[in-house]
Each structure stands twice: as structure tokens, then as C-alpha cells.
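The next block holds one structure in the form of C-alpha cells; read it before the comments.
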Amino acid sequence: MANHVSRRRKKKMLPGYALVFIDVCLIGVSLVVFSLFHHVIPRQGSEDLSKLPGGYRTPPVIATTTPPAATEGPTDNLDPSIDTSGWGYKFYDKFTTGEVEKTDTSYRSKDVSVTMTKVQENGVTYYIQDIYIRSIDNIRTAFAQDKYGRGITENTLEMAVRNNAICAINGDYYGAGGSGDCVVIRNGYLYKSSPDGDVLVLYYDGTMKTYSKDEFDGDTAMANNAYQAWCFGPALLKDGKAMTDFDSDVKRANPRSAIGYYEPGHYCFLTVDGRQPGYSDGMTLAQMSELFESLGCVEAYNLDGGQTAMMTFGDSVANQPYNGGRSCSDIIYICEWEGV
Amino acid sequence: MSKKIFKALIKMLPHLNIIISGMYIVFYIIDVQNSAMAFINNPGTKILLLILSLGSIISSILLIAYQRSSM
């Protein structure tokens with residue numbers, strides 16, 4: 001009788017390999033569902049900008065209209081047609097007197113000068129855009145689909161074209177799954193202030209400064225007229241010198257995007273192609289740090305890279321992104337600014 | 001009826017533990033490769049860890065009780 005019951009129970013039980021198979025399948029399904037909520041489904045942030053902490057401030061007058069000291073610009077024989085407002089006085093030879101001059105690798109107007117250079121050396125291909133702007137409003141940021149939130153993405157080129165960008169680079173992909181900790185100050189609005197690594201701040205006076213996670217405070221940054229802030233990192237220069245130790249887990253050669261700062265009104269975008277044997281292997285953080293030092297930058301900051309690394313010039317993609325690139329949350333771009 | 005549900009839950013518990021543990025192994029590998037994706041350091045994963053801990057405690061208690069009764 002007991003044997004009979006035991007045999008019946010055994011008949012009902014699934015074989016061991018089937019149990020293992022079902023459990024492995026359930027692990028896979030659970031991972032897919034988890035990733036869907038963690039990484040894919042968009043979660044839009046507050047659309048009511050008036051409810052955001054900080055809020056938008058117009059650029060402080062001192063930032064763009066006070067001419068620099070006479071030693072920083074031409075003192076004699078200055079063409080009277082040259083607009084000396086903003087940084088136009090300082091970089092008068094970089095801008096035109098009104099006309100727009102465009103080539104395949106450069107753009108010059110009365111407010112903006114962009115020169116793009118492609119460099120191929122030691123198995124690495126990278127692109128540098130040397131940028132001079134007259135006003136802080138010529139450098140701006142844009143969100144994917146013009147919405148702030150996690151998981152909202154758009155192609156970098158589409159964002160650039162929609163915003164009439166002269167040139168653009170991917171941003172920090174603040175809306176990627178991740179822990180949700182990030183710092184987002186864009187075009188004068190503070191959206192979020194919970195850093196999870198080095199932070200780069202661009203102030204209304206045109207200066208850029210990197211902060212460690214512990215140094216950064218969103219309220220202080222806004223009180224000091226922060227205009228943009230990004231949180232991807234790491235910082236690539238310390239006191240204008242190359243670094244060897246970085247606050248990052250992704251140190252090996254990769255496609256990368258970064259932004260460099262020389263002085264107020266003078267910046268550069270860098271995009272390194274990678275993971276493409278025979279064309280470009282990518283750069284390590286140390287290599288990129290040395291490159292920025294050799295360029296003469298005083299601050300430099302790593303943005304999102306890998307497949308995200310993309311640079312645009314005019315209406316086309318300038319670099320050769322890995323696997324055609326991917327959509328991201330935000331861009332940094334240079335534009336002719338005609339006001340809000 | 002409630003006894004049936006309880007028995008089903010007891011049967012499913014080890015599988016739940018296996019599934020969540022498997023997920024954690026994958027999360028760990030992803031985190032070693034790229035911690036910026038925060039597959040471990042996020043609120044959802046912390047809840048999973050709590051469920052795994054409770055499931056493990058209940059499974060262990062049941063196993064101990066079974067071992068003691070079959071001695």
C-alpha cells in the first residue's frame with residue numbers, strides 16, 4: 001500500500017532536468033521584466049518648470065556685456081564694424097563682422113566660430129571641434145523629445161537638427177537606468193541634484209569647473225549662477241594637468257565623448273571612435289586626459305561614451321559611431337542664439 | 001483551501017529562492033562590468049534582496065523542521 005502511494009506521488013513529479021529548465025527559464029523571464037522596468041520604460045519628470053528648485057535665471061549682466069580688460073583684445077586700429085560686446089572683443093579675430101562662412105569642417109559668424117579637425121594616429125580616430133562663442137547663450141543643451149525624464153531617448157542628430165545646432169555632442173545620458181542619482185542643471189534650470197560621481201558645472205560667466213561628488217552642492221551651484229551641470233565623468237584634468245587615477249570603472253579603450261574648457265567663451269568637443277579594429281580602437285581615460293592637457297585645456301570632463309559617443313556638424317554625423325550609435329537623453333550644442 | 005495554498009507556497013518557495021539568486025548572479029556580473037548601470041544599487045533590487053532573505057529564512061526553518069522530524 002505504502003509502495004503504491006509512493007509510486008503515484010513519483011508519477012506526478014516532474015523530472016529533475018525539467019525543473020532545472022523551468023527555473024532557468026523563469027530566471028530569464030524575471031531578468032527581462034526587471035530590465036524592462038529598470039532600463040526601458042520611460043518615466044517622465046516634472047513638466048511644470050515653475051515647481052523645479054532653482055528655476056531659470058536670465059544671464060547675469062556681468063557675464064556677457066562687460067568687455068574684458070584692454071590687454072585681452074585689440075587696443076589700436078580696431079575695425080569699427082566689429083561688435084565688441086560679450087567675448088567678441090576678446091576673440092574678435094575668430095568671428096566675422098556679420099556674414100556666415102561655412103565649409104565642410106568650419107563655421108564662422110559674428111557670434112560663433114567652430115573648427116572641426118579629424119585626427120588619425122596610433123590606431124585611434126578622433127574628432128575635435130574648437131569652439132569660440134560670443135555669448136553664453138550660444139552653448140546650450142537639449143533633452144530628448146524636449147522632455148525631462150528617465151528612459152526618454154532620441155537620436156543625437158535628430159536632437160541637433162531640431163534645435164538648429166551648428167555642432168553637437170551627446171550629453172551625459174542622465175536618464176539611463178542606473179541608480180537614478182544624477183545632477184541635471186540645464187539652460188539655467190535645476191532639475192535634479194544628487195551626484196553619484198564627478199560633476200561638471202558651466203556657469204553663466206562662461207567658466208567651467210569640475211567637482212567631486214562630495215564637493216558638489218546644487219543649491220550653492222545655483223546661487224553661484226550655474227547654467228549647465230552634468231554628472232557622468234570622471235573629470236579628466238586636475239589644475240590643467242593630466243591625471244592617472246580616475247573615479248570610473250570603465251578605464252579601458254572605448255569610444256568616448258568629452259568636453260574641454262580653455263577660458264570663458266572658448267571650449268572644445270571631443271569624440272573618439274572605438275571598438276572598430278583597423279579604423280579606431282578607442283581611448284583610455286588616461287590617453288584622453290593627456291590629449292586634453294596637450295590641447296591646453298584647463299578643465300575637461302568625460303561624457304557618456306561607448307555606442308552613445310556621437311558628434312554632429314551641420315545636418316550630419318561627423319564621426320563613425322560604434323554600431324551606428326544609439327539614442328540618448330540629451331545633447332550639448334552650439335547655436336546662433338536669437339533669444340527665447 | 002488555505003492549507004492547499006500554504007502547501008503550494010511551500011513548494012514554490014525553493015524555486016523562488018533559486019530564481020532570485022540567479023537574478024542576483026546576473027546583476028553581480030553586470031555590476032562588475034559596468035556599475036554605472038546600477039543593477040545592484042537601486043530600490044527594485046533592494047526589495048528583491050529582502051524577498052530573497054525572507055524566503056531563505058523560511059526555507060531554512062522548514063528544512064530544519066523536516067530534518068528534526070525525520071530523525
(request) Identify, from the list B:I18, B:I40, the residue that is aliphatic (A, V, I, L, M) and in contact with a Phe, Trp or Tyr (Cβ under 7 Å, 6 or more places away or on another chain). (result) B:I40
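Can you confirm whether the range B:2-19 contains a residue that is closer than 21 Å to A:V40 by Cα, out of contact with any Cys (no Cβ under 6 Å at 6 or more places or on another chain) and at the interface with another protein chain (Cβ under 9 Å from one of its Cβ atoms)?
No, the conditions are met nowhere in the range B:2-19.
Would you check if A:A176 is aliphatic (A, V, I, L, M), assigned to a loop (DSSP other than H, G, I, E, B) and either open to solvent by less than 50 Å² (accessible area, probe 1.4 Å) or over 24 Å from A:M159 (Cβ atoms) (or both)? Give the derivation first.
On the way: aliphatic (A, V, I, L, M): yes; assigned to a loop (DSSP other than H, G, I, E, B): yes; either open to solvent by less than 50 Å² (accessible area, probe 1.4 Å) or over 24 Å from A:M159 (Cβ atoms) (or both): yes.
In short, yes.
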(request) Kindly provide the set of residues from the range A:107-146 that are polar (S, T, N, Q), over 21 Å from the mean Cα position of the chain (by Cα) and closer than 26 Å to A:Y279 by Cβ, ordered by number. (result) A:Q120, A:N122
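Quick test for you: out of A:L31, A:L26, pick the one residue that is at pLDDT 75 or above, open to solvent by 60 Å² or more (accessible area, probe 1.4 Å) and not small (G, A, S).
Working: A:L31 fails: open to solvent by 60 Å² or more (accessible area, probe 1.4 Å).
Checking each option against the conditions leaves just A:L26.
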(request) Tell me, please, whether a residue that is open to solvent by less than 100 Å² (accessible area, probe 1.4 Å), farther than 20 Å from A:D196 by Cβ, part of a helix (DSSP H, G or I) and more than 14 Å from chain A (Cβ to nearest Cβ) can be found in the range B:21-31. (result) no
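Could you say which residue among A:D104, A:D137, A:D130 is of a type outside the set (F, W, Y) and assigned to a loop (DSSP other than H, G, I, E, B)? Before you say what the answer is, go through the steps one by one.
Values: A:D137 fails: assigned to a loop (DSSP other than H, G, I, E, B); A:D130 fails: assigned to a loop (DSSP other than H, G, I, E, B).
Going through A:D104, A:D137, A:D130 in turn, just one is of a type outside the set (F, W, Y) and assigned to a loop (DSSP other than H, G, I, E, B): A:D104.
Determine, yes or no, whether B:I51 is more than 9 Å from chain A (Cβ to nearest Cβ), open to solvent by 90 Å² or more (accessible area, probe 1.4 Å), within 24 Å of A:V32 (Cβ to Cβ) and of a type in the set (V, I, T). Let's see the steps before the verdict.
Numbers: more than 9 Å from chain A (Cβ to nearest Cβ): yes; open to solvent by 90 Å² or more (accessible area, probe 1.4 Å): no; within 24 Å of A:V32 (Cβ to Cβ): yes; of a type in the set (V, I, T): yes.
Considered against the rule, which asks whether it is more than 9 Å from chain A (Cβ to nearest Cβ), open to solvent by 90 Å² or more (accessible area, probe 1.4 Å), within 24 Å of A:V32 (Cβ to Cβ) and of a type in the set (V, I, T), B:I51 comes out as no.
Scan A:F232, A:F292 and give me the residue that is under 26 Å from A:A221 (Cα atoms), modelled with pLDDT of 95 or more, crowded, with 22+ Cβ neighbours inside 10 Å and out of contact with any Cys (no Cβ under 6 Å at 6 or more places or on another chain).
Working: A:F232 fails: modelled with pLDDT of 95 or more.
Going through A:F232, A:F292 in turn, the sole match is A:F292.
Considering only residues of the range A:179-202 that are outside any strand (DSSP E or B) and charged (D, E, K, R), which is nearest to A:C328 (Cα to Cα)? Let's see the steps before the verdict.
The first filter runs over the range A:179-202 and keeps only residues outside any strand (DSSP E or B), leaving A:179-182, A:187-188, A:194-198.
Imposing the further condition that a residue be charged (D, E, K, R) reduces the set to A:181, A:196, A:198.
Details: A:D181: 17, A:D196: 19, A:D198: 20 Å.
Residue satisfying both the conditions and the ranking: A:D181.
The values are calculated or read from the model by the stated rules, or taken from the named source; none is laboratory data. In this text the structure is predicted, and so the values were computed from the model without any measurement. Cβ: placed from backbone, ideal geometry, glycine included. Neighbour counts: every protein chain shown. To get the accessible areas, we keep the full protein, side chains included, count just its heavy atoms, and leave off ligands, DNA and RNA. Shrake-Rupley method; radii C 1.70, N 1.55, O 1.52, S 1.80 Å.
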